[in-house]
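Asker: Right, I'll just put the structure down here and ask away after.
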Amino acid sequence: MSNSQSPSTVYRAAAFADFKPELSAPGATPERLAHLEEHGFVIINDFVDNPWIPVLREAGRRITEACAPENEYSKIDCSKGYVHRTGNDEPWAIRGLIHPAFGEPCFAEFHGSPDFLSFVHSWCNGGLEPEDMVLGGLLLWCNPRQKENKLSWHRDVTWWGTGERYFAQRDERGSDPEAYSEEVERIRWKEIRANNAKSLKERNGVSMFLALADDECHELIPGSHNRWRTPFEHDVLLPKAVKEQGVPHTPSWNGEDPLPGQVAIRLKAGEALIRNGATIHTGHTVPGRERNTLSIGWSRWSGPSDEERSVSDVRHAWQLDPAVREALPHEWMKTAWDRWAERTKLGDTLEDRYPKFDIDRVKAGAVIGWRGELERQAAAAGEAWERFQTLS
């Protein structure tokens, strides 16, 4: 990979967290759980030297290269998945790994392998068997080739408003200043801490960042999952839009300087990060320093639901394709897919189905992705097709 930055300007974290040999015992040991509870993360070594790692590493490299913007859909029809891209369309995270259009069945095979299932069983309280699972997502973290890329600092939980999960295609995080009042935030924080304790005790699933190559791109503030944020962190986390609408805060951060206490998680190939999503964290990649890390896990099925199906988050809409189900290597995995799919449905707009990269190409005349009437009409209309427009 080329590096467009001089050595003196290439970003490097100021502090690192590495695997601790005293946490080598496999599974959910008391020592590992105590570290996770205190710091909000733990690094495990259960897959070091596992024969799956080099297989997945090479597949990850092929997919990352195939999703380069200049390839569009010539190597992989990535409109069948969901690719997160930078401003110049370089991929930084890739969803769709188990769709047959991606041509890399090893990801689904590893997801359902005895090696991975054995770990999941060992981590979950009371064990977790395949017949009790519901399908979760997989994605590949990669690094853009041309420019440094960093995400905003955030938590993976909704710490504002009602606390309900938001949909990526209708991101309204900055639309209501009242949702960010300290009174509301403290209510949400009480719920978050209670959920932290419940999740750690019950362990009804496990998700990890499994390094297929050495990785130091994930950065977080240890302990931030379980304590009230500082005024400085409040300034970091608040959306710009609500600041501009007058939400009280203490301007503290220039948008560039390191945050107090932040560390980069340094993983060797085969090591994995398990973390609490309430930690304040980010991702930071630079050209020439590979990121090839798999986000993967399983969860316990909570049983059938009487609730009406909701429109899928756009990031997961591709997974509703029946071709995904048919490509899964085990019948129990297809059952796990059924359990996930019974609660969600495909949306009726381009924004419910695709990232901007694909929408731009539909409006340029390409019929891609689901290749249905919506895509055909939008391709015919071009730029006249409006945001969130549905079929007439």
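Asker: Can you find even one residue in region 69-79 that is touching a strand residue (DSSP E or B) at 6+ places or on another chain (Cβ under 6 Å), closer than 19 Å to GLY288 by Cβ and either not charged (D, E, K, R) or not assigned by TED's automatic domain parsing to the domain that holds SER118 (or both)? Can you show your working first?
Answerer: To start, the set of residues in region 69-79 that are touching a strand residue (DSSP E or B) at 6+ places or on another chain (Cβ under 6 Å) comprises none.
Within region 69-79 (the criterion being touching a strand residue (DSSP E or B) at 6+ places or on another chain (Cβ under 6 Å), closer than 19 Å to GLY288 by Cβ and either not charged (D, E, K, R) or not assigned by TED's automatic domain parsing to the domain that holds SER118 (or both)), the answer is no, since none of the residues qualifies.
Asker: Applying the selection to region 265-288, what residues are surrounded by fewer than 23 Cβ atoms within 10 Å (Cβ to Cβ) and either among the polar types (S, T, N, Q) or not assigned by TED's automatic domain parsing to the domain that holds TRP153 (or both)?
Answerer: Correct list: THR279, THR282.
Asker: Oh, and also: Taking into account only those residues within region 280-335 that are closer than 22 Å to LEU56 by Cβ and among the aromatic types (Phe, Trp, Tyr), which is farthest from the chain's Cα centre (by Cα)?
Answerer: Among those that are closer than 22 Å to LEU56 by Cβ and among the aromatic types (Phe, Trp, Tyr), it is TRP332.
Asker: Of the residues PRO329, PRO260, PRO251, only one is farther than 20 Å from GLY137 by Cβ, assigned by TED's automatic domain parsing to the domain that holds GLY127 and touching a residue at least 24 places away in the same chain (Cβ under 8 Å); which?
Answerer: Details: PRO329 fails: farther than 20 Å from GLY137 by Cβ; PRO251 fails: touching a residue at least 24 places away in the same chain (Cβ under 8 Å).
Step by step, each of PRO329, PRO260, PRO251 is checked, and only PRO260 is farther than 20 Å from GLY137 by Cβ, assigned by TED's automatic domain parsing to the domain that holds GLY127 and touching a residue at least 24 places away in the same chain (Cβ under 8 Å).
Asker: Something else about it: ALA384 - would you say it is surrounded by 12 or more Cβ atoms within 10 Å (Cβ to Cβ) and at negative phi?
Answerer: Values: surrounded by 12 or more Cβ atoms within 10 Å (Cβ to Cβ): no; at negative phi: yes.
Answer is no for this residue.
Asker: Restrict the check to region 19-34 and report whether at least one residue is outside the structural domain of PHE357 (by TED's automatic domain parsing), farther than 27 Å from THR279 by Cα, touching a Phe, Trp or Tyr at 6+ places or on another chain (Cβ under 7 Å) and at pLDDT 95 or above.
Answerer: no
Asker: Of all residues in region 136-153 being out of contact with any Pro (no Cβ under 8 Å at 6 or more places or on another chain) and buried (at least 17 other Cβ atoms within 10 Å of the Cβ), which is farthest from TYR354 (Cα to Cα)?
Answerer: Taking the candidates together, the pick is TRP153.
Asker: Inside region 188-207, can you point out the residues that are of a type outside the set (S, T, N, Q), more than 14 Å from ASN276 (Cβ to Cβ) and surrounded by 15 or more Cβ atoms within 10 Å (Cβ to Cβ)?
Answerer: ARG188 - this is the single residue of region 188-207 that is of a type outside the set (S, T, N, Q), more than 14 Å from ASN276 (Cβ to Cβ) and surrounded by 15 or more Cβ atoms within 10 Å (Cβ to Cβ).
Asker: Scan region 180-188 and tell me whether some residue there is more than 30 Å from THR9 (Cβ to Cβ), modelled with pLDDT under 90, outside any loop (DSSP other than H, G, I, E, B) and within 23 Å of the chain's Cα centre (by Cα). Working first, answer last.
Answerer: From region 180-188, those more than 30 Å from THR9 (Cβ to Cβ) are 180-188; that's our starting set.
Checking which are modelled with pLDDT under 90 leaves us with none.
The answer is no, given that none of the residues of region 180-188 is more than 30 Å from THR9 (Cβ to Cβ), modelled with pLDDT under 90, outside any loop (DSSP other than H, G, I, E, B) and within 23 Å of the chain's Cα centre (by Cα).
Asker: Which of the residues that make up region 53-64 are buried (at least 18 other Cβ atoms within 10 Å of the Cβ), among the hydrophobic types (A, V, I, L, M, F, W, C) and more than 17 Å from LEU273 (Cβ to Cβ)?
Answerer: ALA59, ILE63
Asker: For region 1-17, which positions are at pLDDT below 50 and part of a strand (DSSP E or B)?
Answerer: Quick first cut of region 1-17, residues at pLDDT below 50 only: 1-7.
Across region 1-17, there are no qualifying residues.
Asker: Still on this structure, please answer the following. Out of the residues in region 206-256 that are of a type in the set (Val, Ile, Thr) and assigned to a loop (DSSP other than H, G, I, E, B), which is farthest from ALA179 (Cα to Cα)?
Answerer: Of all residues in region 206-256, those of a type in the set (Val, Ile, Thr) come to 206, 221, 230, 236, 242, 247, 250.
Checking the rest, the ones that are also assigned to a loop (DSSP other than H, G, I, E, B) come to 221, 230, 247, 250.
On the way: ILE221: 24, THR230: 18, VAL247: 9, THR250: 17 Å.
Only one residue tops the list, namely ILE221.
Asker: Looking only at residues that are of a type in the set (S, T, N, Q) and closer than 17 Å to LYS150 by Cβ in region 233-268, which one is farthest from the chain's Cα centre (by Cα)?
Answerer: Going through region 233-268, the residues of a type in the set (S, T, N, Q) turn out to be 245, 250, 252, 254, 262.
Filter again for closer than 17 Å to LYS150 by Cβ, leaving 254, 262.
Numbers: ASN254: 26, GLN262: 20 Å.
Among them, the one singled out is ASN254.
Asker: Being among the hydrophobic types (A, V, I, L, M, F, W, C) and either assigned to a helix (DSSP H, G or I) or not assigned by TED's automatic domain parsing to the domain that holds MET208 (or both) is the filter here, so list the residues in region 112-124 that pass it. It would help to see each step written out before you state the result.
Answerer: Residues of region 112-124 that are among the hydrophobic types (A, V, I, L, M, F, W, C), as a first pass: 116-117, 119-120, 123-124.
Within region 112-124, PHE116, LEU117, PHE119, VAL120, TRP123 meet the criteria.
Asker: Continuing with the same structure: Which members of region 63-104 meet the condition of being closer than 17 Å to ARG353 by Cα, assigned to a strand (DSSP E or B) and touching a Cys at 6+ places or on another chain (Cβ under 8 Å)?
Answerer: Within region 63-104, VAL83, ALA93, ILE94 qualify.
Asker: Determine whether GLY127 is at positive phi, surrounded by fewer than 20 Cβ atoms within 10 Å (Cβ to Cβ), assigned to a loop (DSSP other than H, G, I, E, B) and in contact with a His (Cβ under 8 Å, 6 or more places away or on another chain). Walk me through how you get there before you give the answer.
Answerer: Working: at positive phi: yes; surrounded by fewer than 20 Cβ atoms within 10 Å (Cβ to Cβ): yes; assigned to a loop (DSSP other than H, G, I, E, B): yes; in contact with a His (Cβ under 8 Å, 6 or more places away or on another chain): yes.
So GLY127 fits the description; yes.
Asker: If you go through region 130-162 one residue at a time, how many are in contact with a strand residue (DSSP E or B) (Cβ under 9 Å, 6 or more places away or on another chain), assigned to a loop (DSSP other than H, G, I, E, B) and within 30 Å of ARG62 (Cβ to Cβ)?
Answerer: From region 130-162, those in contact with a strand residue (DSSP E or B) (Cβ under 9 Å, 6 or more places away or on another chain) are 130, 132-144, 148-156; that's our starting set.
Restricting the remaining residues to those that are assigned to a loop (DSSP other than H, G, I, E, B) gives 135-138, 143-144, 148, 151-153, 155-156.
Then drop every residue that is not within 30 Å of ARG62 (Cβ to Cβ), which leaves 135-138, 143-144, 148, 151-152, 156.
Residues meeting the conditions: 10.
Asker: Out of all the residues in region 298-319, which are over 27 Å from PHE119 (Cα atoms) and not small (Gly, Ala, Ser)?
Answerer: Pass one, region 298-319, residues over 27 Å from PHE119 (Cα atoms): 305-314, 317-318.
Listed by number, the residues that qualify are ASP306, GLU307, GLU308, ARG309, VAL311, ASP313, VAL314, TRP318.
Asker: Could you check ARG165 against (1) under 30 Å from SER113 (Cβ atoms); (2) touching a strand residue (DSSP E or B) at 6+ places or on another chain (Cβ under 9 Å) and say which number it fails?
Answerer: Status for ARG165: all satisfied but (2).
Asker: Continuing with this model, one more query. Looking only at region 154-173, count how many residues are buried (at least 16 other Cβ atoms within 10 Å of the Cβ) and either of a type in the set (Ser, Thr, Tyr) or over 26 Å from ARG275 (Cα atoms) (or both).
Answerer: Residues meeting the conditions: 1.
The values are calculated or read from the model by the stated rules, or taken from the named source; none is laboratory data. No experiment lies behind these values; they were computed from the predicted model shown. Virtual Cβ from ideal backbone geometry, glycine too; neighbours counted across all protein chains shown.
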